[in-house]
Amino acid sequence: MALNPTDLFDIRSLLSEEERMIQDSVARFVDEKVLPIIGDAFDQGRFPHEIIPEVASMGLLGSSLPEKYGCAGLNAVSYGLICQELERGDSGLRSFVSVQSSLCMYPIYAYGSEEQRMQYLPGMARGEIIGCFGLTEPHGGSDPANMKTVAKKDGGDWVINGAKMWITNGNLAHIAIVWAQTGDGIQGFIVPTDSPGFTAQVVHRKMSLRASVTSALFFDNVRIPDSQRLPNVKGLKGPLGCLSQARYGITWGPIGAAIASYTSALEYAKERVLFGRPIAATQAVQLKLADMARRITLAQLLSLQLGRLKDAGTLQHSQVSLAKWNNCRMALDISREARDILGGAGITTEYPPIRHALNLESVITYEGTETVHQLVIGREITGINAF
Ligand code: FAD
């Protein structure tokens, strides 16, 4: 029996029936609702916000959080599969869901008070309250300890001053999870974006993640009550804990982008006839396609084992770093190579590889650049911090 070209090791057989059902329903949604519009949205530099209600009604926002807060209570592998299928559509759509789920809902759940959870999580799961996550600052995202945004206590309030850069959903958001230096270490705040002194400015001229909103945030004496502070975490471990959640999902997402690019190249190669035979019949093209299939298979196994470790509660953050590095690099290389197999046709967004390749330039940079994750692994295996 011929093997499935996008699942050579029958990894699907390692999934539970529920996990398979979730993957299938998100895959259907992406095929029917995302693929028909995403090329145009990317060309126009527009996030397709009209699909938020359906994304929410499918339970894809904060999908791993408990049902008590209006969420689906799914396991980590299911969250990964959701990310994979969404990114088969577009990295921008997966980024929207990652930010809402892992970077905004997760910190409210993990570090917030019960009142904050009840106030925000059900509305966020319904897609009525959109969040953004402000950690990176203009002077350097790889070194978040060097944070210049400050929050000063003033009676029962906090007054925030500073700026954040490259913030996904910034101009869409109703609330921003903002990390700031306080007299007592870095703390997180839930800042309503209609607070006086808060402004968000869209980043224009992006060549990557064009179907996603990216913004700069400015805080000019933004005053919020202490009830908006996340009470249960202090220090860099707060934002880093959120990033570990999001990066876990990001290890899965690029598998979807890689599958979309590889499938497109595979179909094209079987039909494009040059020198009297399809280019898929040449050794050079088969080598490229076989290498794509090999790297996708490895990435699938890596993320699945990562998900099982996460569900077992034994996941280490450096394991996430290795998978984020490997899977982003895999997908970026595959989408560029797929673009090449399409020849001239590969340079337009009529076909998905160039859109994925451009998007993956962001995915390999955000949530820790490739170099940062390589240094995490270097530190893990040598015991020496080389940052
Ligand atoms: P820098 O940190 O200035 O890095 C520049 C270069 O230096 C990189 O190549 C890096 O690998 C290298 N480098 C860094 N340290 C070392 C070292 N020790 N040794 C050798 N080389 C090193 N941030 C948020 O907070 N929220 C978001 O929602 C968000 N969304 C984003 C969306 C997009 C589209 C993009 C592009 C970014 C987003 N980011 C977000 C920011 C992202 O996380 C940062 O861009 C990233 O962490 C890198 O920071 P930087 O851009 O300042 O680059």
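Derivation of every value follows stated rules applied to the coordinates shown; laboratory data play no part. In this text, all values refer to a predicted model and were calculated from it rather than measured experimentally. Reconstructed Cβ throughout: ideal geometry from the backbone, glycine too, with neighbour counts over all protein chains shown.
The orientation-averaged shadow of the Cα convex hull for the chain, equal to a quarter of the hull surface, comes to 19.8 nm².
All other residues with a Cβ under 12 Å from the Cβ of Ala284 taken together, and with Lys, Arg as +1 and Asp, Glu as -1, what is their net charge? Spell out each step's value before the answer.
Working: positive: Lys288; negative: Asp291, Glu337, Asp340.
Neighbour charge sum, excluding Ala284 itself: -2.
What does the charge count around Gly197 come to, taking other residues whose C-beta lies under 11 Å from its C-beta (Lys +1, Arg +1, Asp -1, Glu -1)? Here the count lands on -1. Quick one: angle between helix 114-125 and the longest Cα principal axis of the chain, in degrees between 0 and 90, rounded to 10, please. Around 30 degrees separate the two axes. To the nearest 10 degrees, how steep is helix 237-271 against the longest Cα principal axis of the chain, on a 0 to 90 scale? So the helix axis and the longest Cα principal axis differ by about 20 degrees.
Please compute the length gained on full extension between Asp10 and Asn221, using 0.36 nm multiplied by the number of residues separating them and subtracting their Cα-Cα distance. Walk me through the numbers on the way to the answer.
Numbers: separation 211, 0.36 × 211 = 75.96 nm, distance 5.55 nm.
The Asp10-Asn221 span can extend by a further 70.4 nm.
The chymotrypsin sites (Phe, Trp or Tyr not before Pro) of region 189-277 meeting both criteria, a DSSP state outside H, G, I, E and B (loop) and at most 13 other C-beta atoms within 10 angstrom of the site's C-beta, are Phe275. Here the extension length gained between Ala345 and Arg308 equals 9.3 nm, from 0.36 nm per residue of separation less the Cα-Cα distance. Label positions at Met1 and Asp291, each projected 7 Å from the Cα along the C-beta direction, are separated by 3.1 nm. Sparsely packed loop sites in region 327-385 (the GluC sites (Glu not before Pro) outside DSSP H, G, I, E and B with at most 13 other Cβ atoms within 10 Å) comprise Glu350. Placing dummy labels 7 Å off each Cα toward the beta-carbon, the span from Leu236 to Val273 is 6.1 nm.
Scalar couplings 3J(HN,Hα) for region 92-107, obtained by applying the Karplus form with A = 6.51, B = -1.76, C = 1.60 to θ = phi - 60°, are x, 5, 5, 4, 4, 5, 4, 5, 4, 7, 8, 9, 10, 5, 4, x Hz; x denotes Gly and Pro. Toward the positive end of the charge dipole of region 131-228, about the Cα centre and with charges on Cβ (Lys, Arg +1; Asp, Glu -1), which of Val213, His174, Thr199 goes farthest? So the residue we want is Val213.
With K and R counted +1 and D and E -1, the other residues having a Cβ less than 13 Å from that of Gly59 yield a net charge of -2. Direction-averaged projected area, Cα convex hull, region 11-125: 7.3 nm², rounded to one decimal.
Listed by chain and number, the lysines whose alpha-carbon sits under 21 Å from that of Lys153, ignoring those within fewer than 8 places in the same chain, are Lys164, Lys234.
Please report the base-10 log of the normalised intensity I(q)/I(0) for region 131-228, using a Debye sum with one equal scatterer per alpha carbon and no solvent, at each q in 0.20 (1/Å). Evaluating at q = 0.20 Å⁻¹ gives log10 I(q)/I(0) of -0.93.
Here Met118 and His139 are evaluated by their C-beta separation; at R0 = 56 Å the FRET efficiency comes out at 0.95. Expressed in Å, the radius of gyration and Dmax of the Cα atoms of region 237-382 are 17.0, 60.
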